[in-house]
1. On the basis of being farther than 30 Å from Leu17 by Cβ, at pLDDT 90 or above and outside any helix (DSSP H, G or I), does Ile122 make the cut?
2. Restricting to region 137-158, count the residues that are under 17 Å from Ala184 (Cα atoms) and loosely packed, with under 15 Cβ neighbours inside 10 Å.
3. Return the only residue of Ala73, Ala93, Ala134 being closer than 19 Å to Leu174 by Cα and small (Gly, Ala, Ser).
4. Is at least one residue of region 156-172 more than 14 Å from the chain's Cα centre (by Cα), at pLDDT 85 or above, under 25 Å from Leu78 (Cα atoms) and assigned to a loop (DSSP other than H, G, I, E, B)?
5. For region 63-112, name all the residues that are among the small types (Gly, Ala, Ser) and assigned to a helix (DSSP H, G or I).
6. Do you know which of the residues in region 68-98 that are modelled with pLDDT of 90 or more, closer than 16 Å to Leu121 by Cα and not hydrophobic (A, V, I, L, M, F, W, C) is farthest from the chain's Cα centre (by Cα)?
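The values are calculated or read from the model by the stated rules, or taken from the named source; none is laboratory data. Quick caveat, the model's predicted, so the values are computed rather than measured. Methodologically, a virtual Cβ is constructed for each residue, glycine included, from the backbone with ideal geometry; neighbour enumeration extends over all protein chains shown.
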Amino acid sequence: MRNGWTVRRLDRQINSLFYERIALSRDKAVMLQHGGDRSDTDAATPDEAVKDPFVLEFLGLKDEYSETDLEDALITHLADFLLELGDDFTFLARQRRIRLDDNWFRVDLVLSNRRLRCLVLIDLKLGKFSYQNAGQMSLYLNYAKEHWVKPGENPPAGIILCASKGADEARYPLDSLGNPVLAAEYRLALPDEKALEAEIARTRQTLEDYSRERADITLD
């Protein structure tokens, strides 16, 4: 009611667990703004199509694991991973090689997105996002744009899937890139009931504050 969503839009938000993701997100205001301002006729953008955070409890990974273990688990549970990504994603390749001069690089996962009409490159990181990750992904995307993109497709987008990220530390290096690159967190389990209840309570307060701000702007 507050955002004026159609039934179709509301159904899409429910199916993508929009409410729960706001509770888990560290940047709730931005998610609320994106979710409230878009309409069904708006053009798709990567930051709208990509969820954050991803909940990957189906992988069954515990304690210590490597990036290879994470990638293997994603491929083993590929159907579940694609469902978590969204129904517009299609898997194309893993460890796709890039040769630059005498050096070889590998893109962890290559997908396509029907709605965005572009390739989506995923780089897996176990730790916290760092600005070096942005430079590496930019290299992959520039190469893919020149060698992998087919006629009629949009420029490729990148997802740096990391265990954690700082909002500003991710925003500043990514905003300066010529290609659309997103840093998204993954979680191997949902928070327990008490933690989720606390997040929902904080989210409810954020919703109220956000609604009051929108009302004040409208009145002005």
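1. No; evaluated as a whole, the condition is false for this residue.
2. The qualifying residues number 0.
3. None of the others qualify; the one that does is Ala134.
4. Yes, because at least one residue in region 156-172 is more than 14 Å from the chain's Cα centre (by Cα), at pLDDT 85 or above, under 25 Å from Leu78 (Cα atoms) and assigned to a loop (DSSP other than H, G, I, E, B).
5. Ala73, Ala79
6. Arg97
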